[in-house]
Amino acid sequence: MKGLTKEYVLKRLGMLILTVWLGATIIFIIPRLAPGDPVEGMIGKMAITGTHIENSEEMIEAWRARFGLDKPILVQYFRYLYNTFTFNQGFSLSSFPATVDSMISRSLPWTIGLLTTATLISFILGNLIGALMAWRGTPKLVKAALPISLIFTSIPAFMLGILMIYLFAINRDWLPYAGGFDRGLTVGWNWQYISSVLKHSVLPALSVILVTIGSWALRMRGMMITTDGEDFMILAKAKGLSPWRIFWAYGVRNAILPQITALGVTLGTIAGGFVVVETVFAYPGLGYLLFEAILNSDYTVIQGIVFYIIFAVALAIFIVDLTYPLIDPRITYKKG
Amino acid sequence: MEEKVLMDTGNSNIKTVGFWQSPWFNPKLIIGSILLLSVFLISNIGPIFWDKDMALVGSSPTNVVPLWVTEKPSGLLKDADPAHPLGTESNGRDMLAVLLVGTPRTLRIGLIGAGIGMLVGIILGFTAGLMGGWVDYVISTLCDTMVSMPGLAVLVVIAAYIPQMEVNNLAMIMAIFAWPLPARSIRAQILSMRERDFIKLALISGSSKIDIMFREIMPNLLPYLAASFVVTVSGVILASTGVETLGLGPTRIPTLGTTINGALRATAMFRGMWWWWGPPIVVLVIIFVGLFLINVGLDEIANPRLRGLKS
C-alpha cells in the first residue's frame, strides 16, 4: 500500500463527492426549470398521458409538504440534499405505498452483478486481443483472425441485443428472451435458480461485451505499438528474455496503465448504455425499472434511479482510481 | 501520377511521395465517408420520389408485409402491397416513408447536438489549455465530473420533463453531455503542443496569444478536431436513439429511435414483424460503422505509428 498517499486518496474522495453532489443538484434543478410547481407539473403530465392516480389530492398535499414548496428555494434545496444523502428518496408515485429506495434496492444487485461481470470480461478480452494484434510474435493466422472481434464496435449495445433476441431467442429457442430467471423457481442458492439466472444473463451480457470489446482492443493496440518502441523493450530483447516474459511483464504491463484510467472514464457511458439494454431484455435491473417509471410518469422513481446510477458509477470510478497507484508507482509523484 | 513534395529536409534530400501513398488516401476514411454520404444522399433525395406524409399514423393500411415476403409470419398480417414496398407497421405508417423521414431527423439531432457540444468544447478546451492556472483547474475538474456521470441516465430525467419533444429540443439536450470529452482532449492536445518548438519560437518572435492560437495551433489541431467531432456525432446519435428507444423521443413525426421504441412497445419481434425494427437498426448501424471508420482513419492520419508495423 506504499503507493497510496493521503493526498491522492483525499483528492479522489473529493472528486467522488463533487460528482455525486453535481448529479444530485442537476436532478434538483431540472424539474424546477419546467413551468409551474414541480408537483403540479408531475400530476399534470400524468393526467395528460392518462395515468391513473389514486388519491391525487392527498398526494399533491403530501408532496408539497415533503418538498416544502412554500419555503424559499434554498431551504428546499438543502432539505432535498439532506434527504438524498441520507438515502431517503420518498415514495413511488405510481405504486404508492412502496418507497423508491425499496424498489431500487430490489433491482440494484441485478444491474451491478451483470454489468460488472460484462465490463470485466470485455476489458480483459479486449486488451488481450489488442495486445496480440500489435505484437510481432503473434502467429500470422491468429493475427488475421483477431480483427473479426472488432466488427460490432460502434454499434449500440441495445441494437445488438434486439438482433440477438431475434436470432437466438425467437428464431431459435436457445436462450430466454426476457426477464432475469424463469417464473416459479424458488429464489435462493439452488442449482435450478442459479442456472436459470445464468441462462438469462448470457444475451444481455454478450451484447455489452461484443460492443465494447473493440474499443479496448483498438486502444490497447495503439498503446502496445508505442510501448514496443521504448528503449526498455529493446533492452529486454537484448537480454534474451523469453518472448512470453517480454510480452506480459514488459509490453502488456506498461501498455495497460492508460487503459485502467480509460476504464474509469468509460464506466459512466457503459452504465448509461446498459439502461437501454436492460429495457430491451426486460432484465429486472435499474434500467428496466427506469423504463417502467418513464411509462408510468413516476418522477420520484426516475429521479431516484438516476441518482443511484450516478452514485454507483462515481463509487466504481473511485475504486478504480484507488487501485491505480498500486499498479503504477509513478502516479504518487504527480502531486497537485 | 501526381507527385507531391511532402517534406523539405533542408538539403538536397527531398522526400517525394506518390499520390497513392498520401496519408489522406486512407481506405477506412474513404469507405466510412462513402457509407455516410450514401445514407445522407438517399434520405435527402428519396422524399422527391416518395410521399413523406405516409410516415404519419394512420396514413396507410396496418400490418402489411414487405413486397418480397410470400410466406406471412402470422395470419393476422396483410398481403404484400406494391404501394408499400417495405411494408407498414401497426399504427399505419409506411416503413419506406418512415426511413426517409426518420433518417435525416436522426442525423440532424447528431449534427446539431455535436455541433453545439464541439463549440463549447473548443472554447473551454482552448481556454483551459492556454490560460492554465485556476481557470484550467476549474474547467478540467468540471470536465472530469461530467465525463464520469452516466450521461444517458441524466438525459432521461431531463427528457422526461419536456412535455412536447421536438428534434431541436432533443439535440439541445444532447449537447449538455456532448462537450466534456472534446474539451478534455482538446485541452490535452494544446498542453502537449504548447511545449513544442514552433510554438516557443512564435512566442519568442513576439506573436500575440490570439495569433498563436489561430495561426499556429488551430491548423495543427485540425485532424484531432475532425476526429473529435466524428466521435461526438456518434455519441450524440447513440444517446439520442437510446433516449428515444426508452420512449422519450418526438412521437408524431418519427425518427429512427422512436420507430424502434414503437416496435418494442408493440412486441413486433414476437409477431414476426422484423421489417418494423430491422430497417431502422440497419440504417443506424450503417451510420455508426461509417462514423467509426472515419474516426479510425483520421486517427491513423494523425498518428502515423498506428498505420501498422512496417519495420
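The values are calculated or read from the model by the stated rules, or taken from the named source; none is laboratory data. Because the structure is a prediction, the values reported are computed rather than measured. A quick note on method: Cβ atoms are made from the backbone with ideal geometry, for glycine too, and the neighbour counts reach across all protein chains shown.
Go through region B:256-304 and report how many residues are in contact with an Asp or Glu (Cβ under 6 Å, 6 or more places away or on another chain) and among the aromatic types (Phe, Trp, Tyr).
The number of residues fulfilling the criteria is 1.
Any residue in region A:170-184 that is of a type in the set (Asp, Glu) and more than 14 Å from chain B (Cβ to nearest Cβ)?
Yes; the residues of region A:170-184 include at least one that is of a type in the set (Asp, Glu) and more than 14 Å from chain B (Cβ to nearest Cβ).
Would you point out which residue out of B:116, B:158 is under 24 Å from the mean Cα position of the chain (by Cα) and without any contact (Cβ under 8 Å) to a residue 24 or more places away in the chain?
Details: B:116 fails: without any contact (Cβ under 8 Å) to a residue 24 or more places away in the chain.
The unique qualifying residue is B:158.
Among (1) on the phi < 0 side of the Ramachandran plot; (2) buried (at least 16 other Cβ atoms within 10 Å of the Cβ), which single condition is residue B:222 missing?
Checking residue B:222 against (1) on the phi < 0 side of the Ramachandran plot; (2) buried (at least 16 other Cβ atoms within 10 Å of the Cβ), the one that fails is (2).
Could you list, ordered by first residue, the pairs with Cβ atoms under 7 Å in which the first is in region A:237-255 and closer than 20 Å to residue A:221 by Cβ and the second is of a type in the set (Lys, Arg) and in a helix (DSSP H, G or I), at least 6 apart or interchain?
Listed by first residue and then by second, the contacts come to A:246/A:237.
For region B:265-302, how many residues meet the condition of being more than 14 Å from the chain's Cα centre (by Cα) and more than 7 Å from every other protein chain (Cβ to nearest Cβ)?
Going through region B:265-302 one residue at a time, the tally reaches 19.
If you scan region B:239-264, which residues turn out to be at the interface with chain A (Cβ under 9 Å from one of its Cβ atoms) and surrounded by fewer than 20 Cβ atoms within 10 Å (Cβ to Cβ)?
Answer for region B:239-264, where residues must be at the interface with chain A (Cβ under 9 Å from one of its Cβ atoms) and surrounded by fewer than 20 Cβ atoms within 10 Å (Cβ to Cβ): there is none.
Given (1) outside any strand (DSSP E or B); (2) surrounded by 10 or more Cβ atoms within 10 Å (Cβ to Cβ); (3) at pLDDT below 90, where does residue B:6 come up short, assuming only one miss?
(1)
Considering only region A:205-231, state which residues are more than 10 Å from chain B (Cβ to nearest Cβ) and without any contact (Cβ under 8 Å) to a residue 40 or more places away in the chain.
Result: A:227, A:230, A:231.
Just a yes or no: is a residue in region A:139-152 within 20 Å of residue A:115 (Cβ to Cβ) and facing chain B (nearest Cβ under 10 Å)?
yes
Say we look at region A:105-131 and pick out the residues that are surrounded by fewer than 21 Cβ atoms within 10 Å (Cβ to Cβ) and of a type in the set (A, V, I, L, M, F, W, C); which of these is farthest from residue A:242 (Cα to Cα)?
First pass over region A:105-131, keeping only residues surrounded by fewer than 21 Cβ atoms within 10 Å (Cβ to Cβ): A:105-106, A:108-109, A:112-113, A:116-117, A:120-121, A:124-125, A:128.
Narrowing further to those that are of a type in the set (A, V, I, L, M, F, W, C): A:108, A:112, A:120-121, A:124-125, A:128.
Values: A:108: 46, A:112: 40, A:120: 28, A:121: 27, A:124: 23, A:125: 23, A:128: 18 Å.
Within region A:105-131, the match that is farthest from residue A:242 (Cα to Cα) is A:108.
Can you work out which of the residues in region A:270-300 that are among the hydrophobic types (A, V, I, L, M, F, W, C) and over 18 Å from the mean Cα position of the chain (by Cα) is surrounded by the fewest Cβ atoms within 10 Å (Cβ to Cβ)?
A:295
Quick check on region B:164-171. Is at least one of its residues within 14 Å of chain A (Cβ to nearest Cβ) and more than 30 Å from residue B:33 (Cα to Cα)?
Yes, some residue in region B:164-171 is within 14 Å of chain A (Cβ to nearest Cβ) and more than 30 Å from residue B:33 (Cα to Cα).
Just to be sure, is residue A:236 surrounded by 17 or more Cβ atoms within 10 Å (Cβ to Cβ) and within 13 Å of chain B (Cβ to nearest Cβ)? Walk me through how you get there before you give the answer.
On the way: surrounded by 17 or more Cβ atoms within 10 Å (Cβ to Cβ): yes; within 13 Å of chain B (Cβ to nearest Cβ): no.
No.
Please name all residue pairs, on different chains or six or more residues apart, with Cβ atoms under 6 Å, provided the first residue is in region A:6-28 and is more than 9 Å from chain B (Cβ to nearest Cβ) and the second residue is among the polar types (S, T, N, Q).
Taking only residues 6 or more apart or on different chains, the pairs are A:24/A:84.
Considering B:110, B:129, B:117, B:125, which residue is buried (at least 16 other Cβ atoms within 10 Å of the Cβ), in contact with a Phe, Trp or Tyr (Cβ under 7 Å, 6 or more places away or on another chain) and within 22 Å of residue B:228 (Cβ to Cβ)?
Only one candidate passes the filter, namely B:117.
Assess whether residue B:90 counts as being at pLDDT below 90, away from chain A (no Cβ under 14 Å), closer than 30 Å to residue B:274 by Cα and surrounded by fewer than 24 Cβ atoms within 10 Å (Cβ to Cβ).
For residue B:90, the condition - at pLDDT below 90, away from chain A (no Cβ under 14 Å), closer than 30 Å to residue B:274 by Cα and surrounded by fewer than 24 Cβ atoms within 10 Å (Cβ to Cβ) - is met.
Can you report the number of residues in region B:134-188 which are crowded, with 24+ Cβ neighbours inside 10 Å and acidic (Asp, Glu)?
Number of matching residues: 0.
Do any residues in region A:261-279 that are more than 9 Å from chain B (Cβ to nearest Cβ) and closer than 12 Å to residue A:317 by Cα have Cβ atoms under 7 Å from those of residues that are assigned to a helix (DSSP H, G or I) and hydrophobic (A, V, I, L, M, F, W, C), where the two are at least six apart or on different chains, and which pairs are they?
Close Cβ pairs (under 7 Å, with a partner that is assigned to a helix (DSSP H, G or I) and hydrophobic (A, V, I, L, M, F, W, C)) amount to A:263/A:123; A:263/A:320.
Could you pull out every one of the helices (runs of 4 or more DSSP H) wholly within region A:99-168 that has 3 or more residues that are over 18 Å from residue A:272 (Cβ atoms) and among the β-branched types (Val, Ile, Thr)?
Here the list reads A:100-134.
With (1) within 10 Å of another protein chain (Cβ to nearest Cβ); (2) touching a residue at least 40 places away in the same chain (Cβ under 8 Å) as the list, and residue A:290 as the residue in question, which single condition is left unmet?
Tallying (1) within 10 Å of another protein chain (Cβ to nearest Cβ); (2) touching a residue at least 40 places away in the same chain (Cβ under 8 Å), residue A:290 fails exactly one: (2).
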